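Structure record follows, encoded as structure tokens.
The values are calculated or read from the model by the stated rules, or taken from the named source; none is laboratory data. Here the structure is a predicted model, which is why all the values come from computation and not from measurement. Every residue, glycine among them, receives a Cβ derived from its backbone with ideal geometry; neighbour counts consider all protein chains shown. Protein only, heavy atoms only, side chains kept; ligands, DNA and RNA dropped before computing areas. Shrake-Rupley method; radii C 1.70, N 1.55, O 1.52, S 1.80 Å.
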Amino acid sequence: MIVEILLTWLALTLYAVSTVLVVVGVVFSNSRFTSWSVIAAAIGAVLQTVSFGVRWVRLGHGPYLGFYEVAGSLVLFAVATFVVVAWRNPRLAPAGIGIMPVALLLLGGSMLAQGEVVEMTAKLTSWWLILHVAFANLAFGAFVVSFGCAIVYLVRARSVDGKWAKRFEKLPVQEVLENLTVRFALLGFLFWGIMIATGSIWANEAWGRYWGWDPIETWCLVVWIIYAVYLHVRFTLKWTGVRLAWFAIIAMPLSLFALVGIPLVFNTPHAGIGGLGKDL
Amino acid sequence: MIGAAWRRLVALLRSPRFATVLLLVLSGWAIVGGIVPQGTATNSDVMAWAAAHPAVERYARAVNLHQAFTNPLFFALVVLLGISTALCAWERTKVALRRSATLHSAARSDAASVEARHDIEIVCDPSLSAPEAMAMAAETVERLGIKVRAQDGALVSVSQRWTAWGSPLFHWALLGLLVALFVGNAFRAEGLMGVAVGQTVPDARASYGVVTNGLLRNWSGVHRSVRVDAFEPDYTLGGVDRGPTPTVTVLDANGKAIKTQRVYPNNTLKTGGLTIYPNAFGLAARGSIVDASGKVLGSGFQIIDFSQEASGGTVAVGGFYVPNSKGEAVYDAQVSVSLERDAGGWIQSMPAQPAARVVVVSRDGSTVLDRVVRKGEIVSLPGSQSFRLDDIVYYARLQVVDDWTIPLLYAVLVVALVGLSIATLARQQIVLATVVESPNEVRFLVRVRLWRNAPTTRSELQDELTRALGGNQKGSMT
């Protein structure tokens, strides 16, 4: 348990270091700092993975039950997605300025809010749980990267004197950045859809209904619809530029709220992610 | 005039702007429906919310927000969404047909066809020969993430025809999903049925304690029954307690077993459109009324639910009736079982020495018998009849869902996700290039369509090619 906690704190520290490095790198137009921020994020993600592995062995189930595990795995997937994207395309490393602070705050918040361990029950013992949670994490990872790209796009677009545009000059051109924002939103939309579908099939197996308008189900549908609207305005109404970037920036926190905020606000049988656990 | 109005209506329903607004309205409705407690006016959450928000409650009640997702207004919005989706799917199908044909013809392009029809023309650096220009262009395009192959003197990168069908497939599948949901709800029946161990209950409306069904549900067409063969209060598998687990058999009209299995969460019994889930459990007493000669006049099960508030920890649900020689009910009998206790209250399981308290009441309300009876014991009733407690067993409250559209829903969901995956991941692009050499210059010609998921943009491609070929753009033409 001590190893697990220590590793998580180290991961959190590295995410904090990564956040500072990317901010410094962008503000002082120093690509070495942004590269180091990606390395720090990557090491942090490895440590967090090991920490989850240790926890998995200790508890006998993966990191998908309870607020700490769910929020932590969302962070892990978001950071891992960012690291892979920045590794394959180093020009995108400054997008970490929109991603790493989210990861830092979410992991820190989940560690502070760490509650009791949720044990496996008959209703939770299903392969659908793993698929459902994995796609929720993948979707969130994609939405966060889309969010990061949109923030960078916006900062550069609104840089009247060109100072901030210069700081992000190594990034791909605005048009390419916008395409990346849309593509990650599209990918997140697909994964979110799979998350809803797998959750619905699982609910039918465990609860006897595939849809019950539970607050989490409702909000997940709302988020999916909001991203559907985003994709419609992009592809059919041909929105581009700043207003499209704003849309991506506003949509991501909604997905975060659906995943980790709802159980804190509403009474939901989705006990796996920190609900009141009425129906475990 | 009617024709013009109809066209305007269709144009409105088909417009992307309308679809976007409709989606926003639906999500707004869902958010409000998620915030306002859902249920009938007598629901405790609804009543508490109404008392706490009297000003808002007036408006909430006016639009029936407490039943937001069964509300006619919501239904109307979903119907509109269905129509809009159908029209949108049709538009996308037309686009996909055109695009698919374009991809098909582009895949067979050669240098001459690119020369005849191109979008970008770059005059190359005079020092470059035609093969060198082709090689450099191929390298540049591949660096931007587009793999090209040489074909009849041209560089070719054309997506497969099927890549154009992702979006229409997704939209048609969404429409199919909405239709399947409506059809499913019209034919669906769902209810709770209490079945004691050893008891066989027909799958009929009267067998359910609580039941809801769609408008088109036909109960008379159902000829099967449900039996509980065994009950394990603590069934453990793979180190996980699966909870109270009945073994359930579904029988056909001739009493032949169709399927038997243990039923616990994530291991439901499925046969045809029928799905059986565990819901709750309790005890059941099997008793018989016998006459003076020992002949059994009738027997049955009395369902007994656990209740921490009730004396003895159980309450009888329903009851027996005691018939006279003509079969007319003359007494009502109720059976309850006293549970064992610990510090936490009544222990909700079979007592070690089960005994039943039998209360027989005449039709005028007077109690004619009230005593504790052990298994197999016979007690005399007024007149010549007796009551025999045959057994005390567990009963399983089963949630029985009959909905043949569920596999169909899953199939449509899979199709929708396949369509969405194609739309999300598959590229739709055409990049065709060739070089034309004349005595004065070497021109590099490109025909480009980057419809979806392309790794670059047309302007980036144009700039990078111009830079790589060390030339200048001569302008674009289509």
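Quick rundown of the values:
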{"read-out": "Whichever residue in region A:230-245 is within 14 Å of B:Arg17 (Cβ to Cβ) and out of contact with any helix residue (DSSP H, G or I) (no Cβ under 7 Å at 6 or more places or on another chain) and, among such residues, is least open to solvent (accessible area, probe 1.4 Å)", "value": "A:Phe235"}
{"read-out": "Residue in region B:398-409 that is in a loop (DSSP other than H, G, I, E, B), touching a residue at least 40 places away in the same chain (Cβ under 8 Å) and open to solvent by 50 Å² or more (accessible area, probe 1.4 Å) present", "value": "yes"}
{"read-out": "Residues of region A:185-204 satisfying the condition of being open to solvent by 30 Å² or more (accessible area, probe 1.4 Å) and within 15 Å of A:Ala248 (Cβ to Cβ)", "value": "A:Leu187"}
{"read-out": "Residues that are farther than 30 Å from A:His270 by Cβ, open to solvent by less than 30 Å² (accessible area, probe 1.4 Å) and within 12 Å of chain B (Cβ to nearest Cβ), drawn from region A:127-179", "value": "A:Pro172, A:Val176, A:Leu177, A:Glu178"}
{"read-out": "Filter result for A:Gly199 (under 23 Å from B:Trp404 (Cβ atoms) and facing another protein chain (nearest Cβ under 9 Å))", "value": "no"}
{"read-out": "Any hit, region B:80-89, residues being away from every other protein chain (no Cβ under 14 Å), in contact with a helix residue (DSSP H, G or I) (Cβ under 6 Å, 6 or more places away or on another chain), over 22 Å from B:Leu169 (Cα atoms) and not aromatic (Phe, Trp, Tyr)", "value": "no"}
{"read-out": "Residues satisfying the stated conditions in region B:226-256, i.e. touching a residue at least 24 places away in the same chain (Cβ under 8 Å) and surrounded by fewer than 12 Cβ atoms within 10 Å (Cβ to Cβ)", "value": "B:Ala253, B:Gly255"}
{"read-out": "Region A:217-229: number of residues that are surrounded by fewer than 24 Cβ atoms within 10 Å (Cβ to Cβ) and hydroxyl-bearing (Ser, Thr, Tyr)", "value": "0"}
{"read-out": "Residues of region A:103-122 satisfying the condition of being surrounded by fewer than 24 Cβ atoms within 10 Å (Cβ to Cβ) and either in a helix (DSSP H, G or I) or modelled with pLDDT of 90 or more (or both)", "value": "A:Leu104, A:Leu105, A:Leu106, A:Gly108, A:Gly109, A:Met111, A:Leu112"}
{"read-out": "Exclusive hit being more than 7 Å from every other protein chain (Cβ to nearest Cβ) and under 18 Å from the mean Cα position of the chain (by Cα), set A:Val222, A:Val182", "value": "A:Val182"}
{"read-out": "Conditions (1) more than 29 Å from the chain's Cα centre (by Cα); (2) touching a residue at least 12 places away in the same chain (Cβ under 8 Å): number failed by B:His66", "value": "(1)"}
{"read-out": "Of all residues in region B:261-299 being under 20 Å from B:Gly191 (Cα atoms) and open to solvent by 70 Å² or more (accessible area, probe 1.4 Å), the one that is farthest from the other protein chains (Cβ to nearest Cβ)", "value": "B:Gly272"}
{"read-out": "Strands (runs of 3 or more DSSP E) contained entirely in region B:112-173, each with at least 1 residues that are open to solvent by 20 Å² or more (accessible area, probe 1.4 Å) and within 20 Å of B:Leu469 (Cβ to Cβ)", "value": "B:120-123, B:149-151"}
{"read-out": "Unique residue being within 12 Å of chain A (Cβ to nearest Cβ), farther than 30 Å from B:Arg262 by Cβ and modelled with pLDDT of 95 or more when the list is B:Ala423, B:Ala416", "value": "B:Ala416"}
